[in-house]
Amino acid sequence: MNLPLRLDHGFFLLMAAGILIFTVVASPSSWYLYPPLLVLLGIVLRVTRAWNDRVFYILCAGQPLVIALSAAQGWAGLFIMWMLAGIVLATLGMLVSGRDWQSYAAFCGATLVIAAGIDASNHVLLPLVIMGGLTSLFVAVQTIREYQFRKRYTGANP
Amino acid sequence: MRLRRCAQGISLLVILLLVLALILDSMAILLAGSTLLFALAALALSFDNRFRQMVASLMTNRTLERTMVRKGATVRVTTQIAVQVPAHMEVKIAENLPSGLVVQDGETGTVFEAVPAAPPQRQERKVTYRVTPVVHGSMHVSGVSLTARDLFFENSIDLSSEPFRGPVLFVQPRGLFEPSSQRVTAETREIEKMSVLSGFGIRALREYYTGDDLRRIDWKLTAKHDKLFVREYSGVMSLPPLIIVDLPWRRAPHSAQDFDRMVAAVAGMAEYSVKMFQYVSVLLISGPNILQYMGEEKDLQRCMSVLREWMHPVERTVHFYRMPDRSDLRRQIRTLESRLEEARDPSSQKFFDSLKKQYLRSLQAQQIPAFTAQLIRTLSPLMADECYVFSLFFGDASHLRQLIRQAKAMKIRVHVRMPGTAGSSAGPEYQSRLGADTLEAFA
């Protein structure tokens, strides 16, 4: 597949189109926030194009947009998050091979599950506790895996 | 695994969003924070997997020039490194050397630069360096240290399991505790070589071999290593010093008083040498011209008549004027290269660059002078470990630098003797520039 040279621009345009469609179809009350936030993201994309840590600035600039659309409709916020992830991955050159696109699709699927979980909850506390528990479990598993890995390669007795 | 600046920033953003979500009870902020947290965890997992695959693919093959050396010797180590480097990851691999090995030169590590999106490629590098063992016993390179990083994470591991450990280097002890100065008696000097006559200084210690004199066993070291070690004593030689006389140019003004002193000093040394060592060797030069060589002369009368015949200002057919050696030019080029790296100003850079080119051109055109070749031919068959150079030090001293350099290359200690008036202005700096072991004024 011959990919376009600036994939991040494609994701940005898709994001803008999504916001436009959502604004027209759902008529959210906070519609006036979207254009300036989108422009802010565009400016950050333009200004930081030669910076080393631009991923961080892009994510920072994109989060207000994600929050603004999530406040109106959770699924719309999720779509913006997907597009933002696409922009970041394209910026890093991590959307080149078919395997990269599969990983991106897996990320979208997993965040869909997370969004569904959050959507089903009434309050923040319970999903936050679950998330904290899962994160702790992830860190614990990683720590044990790291220990076993180091033990194997640093010449310690098995 | 450590977080780099970008990942630290994102982590901070996640914490901020989740705290805000809890305070404001906002599901929208929670969605933003949780998806970002998941993305960070996915990136960490991806980095970890790539790091593991890379470590699993790493292969090292280390070879030593010699596996058994004496303490203080230099050994060349060559390590072949092959690794599958994932995309977007910068990898640094370095040798983990034990503290008993000191790196003399070369690079003990290599860096694989991050490559843009591409399937992992197997890359190979060869690392060559020289080490000197400073302690004895068996030692080996304990493996390699691998550090990998991408934009978000960094991880490092010391690989010291069996496939990464090097071959064992057995270092035999050497008597470093012996005094560095030579023991000199009236007629003999201790040398760092084996000879029929042995001195008192311990030159080296080595393992016992069948047939070695049992009296030479070093019991203390034997008890320490549970292995028989014997001492090797330094040899003793009785060699007269070589006398080199640099005669002044006839047309150059010089102090007659200083010249007379020099003649007296040369005659005195020649007489002493014949009396103590039974013979004397004298080399007469004038600038870069070899005039006369009198080798192993036993007859004092004949020696004095030769000195009487030659000891006067002479005509020089060849002159040196600030004649640099090839090694001098190479040193100048190295200095200029370092200056060029330090220079920030474009005009300075241009200046140093053009100067460097000039030196390089001179180096290419430079040939070994006939004087140097003659010196090598004269000094090579000579049995001497010490020489005295007498000179008035008037005018250019390039030929003396050439002379001293060749003598030093043949492990001959050089003592320069000069007039008191010239010697008063010459300090240790001048001595080091000449390369002489000692610099004194003749009486």
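All of the numbers you see were taken from the coordinates with simple rules; none came from a lab. Values in this document were obtained by computation on a predicted structure and should not be read as measured data. Cβ sites come from the backbone with ideal geometry, for glycine too, and all protein chains shown count toward neighbours.
Here the relative contact order of chain B, from alpha carbon pairs under 8 Å that lie six or more residues apart, stands at 10 percent. Rounded to the nearest 20, the size of the Cβ-charge dipole of chain B about its Cα centre is 440 debye, with Lys and Arg at +1 and Asp and Glu at -1.
Under 1.5 on a/c is rounded, so check that first for chain A, then, if it is not, pick prolate when a/b is larger than b/c and oblate when it is not; a ≥ b ≥ c are the square roots of the alpha carbon gyration tensor eigenvalues. It comes out oblate by the Cα gyration axes.
Projecting the Cα positions of B:THR317, B:LEU205, B:LEU45 onto the charge dipole of chain B (unit charges on Cβ atoms of Lys, Arg, Asp and Glu, taken about the Cα centre) puts B:THR317 furthest along the positive direction. Assuming charge only on the beta carbon of Lys and Arg (+1) and of Asp and Glu (-1), the dipole of region B:273-412 about its Cα centre is about 380 debye to the nearest 20. The magnitude of the dipole of the protein assembly as shown, with charges of +1 and -1 set on the Cβ of Lys/Arg and Asp/Glu and taken from the Cα centre, is near 720 debye. Taken as Cα centroids, region B:31-75 and region A:45-95 sit 31 Å apart, rounded to the nearest whole angstrom.
How many angstrom lie between the C-alpha centres of region B:239-291 and region B:122-148? Region B:239-291 and region B:122-148 have Cα centres spaced 53 Å from each other. Proximity of backbone amide H atoms, modeled 1.01 Å from N, is registered between B:ARG413 and B:GLU386, B:CYS387 at under 5 Å, excluding neighbours fewer than 5 places apart on the same chain. Normalised radius of gyration (Cα atoms, divided by 2.2 N^0.38 Å) for the protein assembly as shown: 1.55. Ordering A:TYR32, A:ALA50, B:LEU97 by the projection of their Cα atoms onto the charge dipole of the protein assembly as shown, which places +1 on the Cβ of Lys and Arg and -1 on the Cβ of Asp and Glu, puts B:LEU97 at the extreme positive end.
Measuring nothing but how far apart in sequence close Cα pairs (under 8 Å, 6+ apart) lie, relative to its length, region B:47-122 scores a relative contact order of 30 percent. Neighbour counting of Cβ atoms within 10 Å sorts the residues B:SER398, A:SER136, fewest neighbours leading, into A:SER136, B:SER398.
Restricting to DSSP H runs of at least four residues, report the calculated mean residue ellipticity at 222 nm for the protein assembly as shown, -39500 (n - 2.57) per run over all residues, nearest 500 deg cm²/dmol.
It lands at -16000 deg cm²/dmol.
Of all aspartates and glutamates in the structure, the ones whose alpha carbon falls short of 14 Å from that of A:LYS151, not counting any fewer than 8 places away in one chain, are B:ASP158, B:GLU162.
Of the listed pairs B:LYS126/B:LYS357; B:LYS92/B:LYS126; B:LYS275/B:LYS408, which have alpha-carbon separations greater than 22 Å here?
Checking Cα-Cα distances, B:LYS126/B:LYS357; B:LYS275/B:LYS408 exceed 22 Å.
Annotation: amide H of B:VAL144 within the under-5 Å range of B:ASN96, B:LEU159, sequence separation 5 or more or interchain, hydrogens built in the peptide plane. If you look at the Cα atoms of region B:58-172, you get an Rg and a Dmax of 15.4, 51 Å.
What lysines could a cross-link reach from B:LYS227, if we take a straight Cα to Cα line under 18 Å and drop same-chain neighbours fewer than 8 places away? Answer for B:LYS227, where 18 Å is the Cα cut-off: B:LYS71, listed by chain and number. The long axis of helix B:346-365 is offset from the longest Cα principal axis of chain B by roughly 50 degrees. In terms of its Cα atoms, region B:78-132 spans 42, 16, 15 Å along the principal axes, sorted from long to short.
Sites count as exposed loop sites when they are GluC sites (Glu not before Pro), lie in a DSSP loop, and have at most 10 other Cβ atoms within 10 angstrom; the longest stretch of chain B without one is B:114-314.
The protection proxy used here, the mean number of other Cβ atoms lying within 10 Å of each residue, ranks peptides B:38-44, A:111-117, B:221-227 as follows, highest first: B:38-44, A:111-117, B:221-227. Mind checking the angle between helix B:300-310 and chain B's longest principal axis? C-alpha axes, 0 to 90 degrees, to the nearest 10. Roughly 80 degrees, rounded to the nearest 10. Could you state the angle between the C-alpha long axis of helix B:256-277 and the longest principal axis of the C-alpha atoms of chain B, as a value from 0 to 90 degrees rounded to the nearest 10? Orientation of helix B:256-277: about 90 degrees from the principal axis. Beyond 33 Å, what percent of the Cα pairs of chain B remain? Within chain B, distances greater than 33 Å cover 62 percent of Cα pairs.
Note on chain B: with a GNM built from Cα contacts shorter than 10 Å, the maximum mean-square fluctuation among B:ALA265, B:ALA56, B:ALA82 falls on B:ALA56. The phi-based Karplus calculation (6.51 cos²θ - 1.76 cosθ + 1.60; θ = phi - 60°) puts the 3J(HN,Hα) values of region B:2-12 at 10, 7, 8, 4, 5, 5, 4, x, 5, 4, 4 Hz, whole numbers, x for Gly and Pro.
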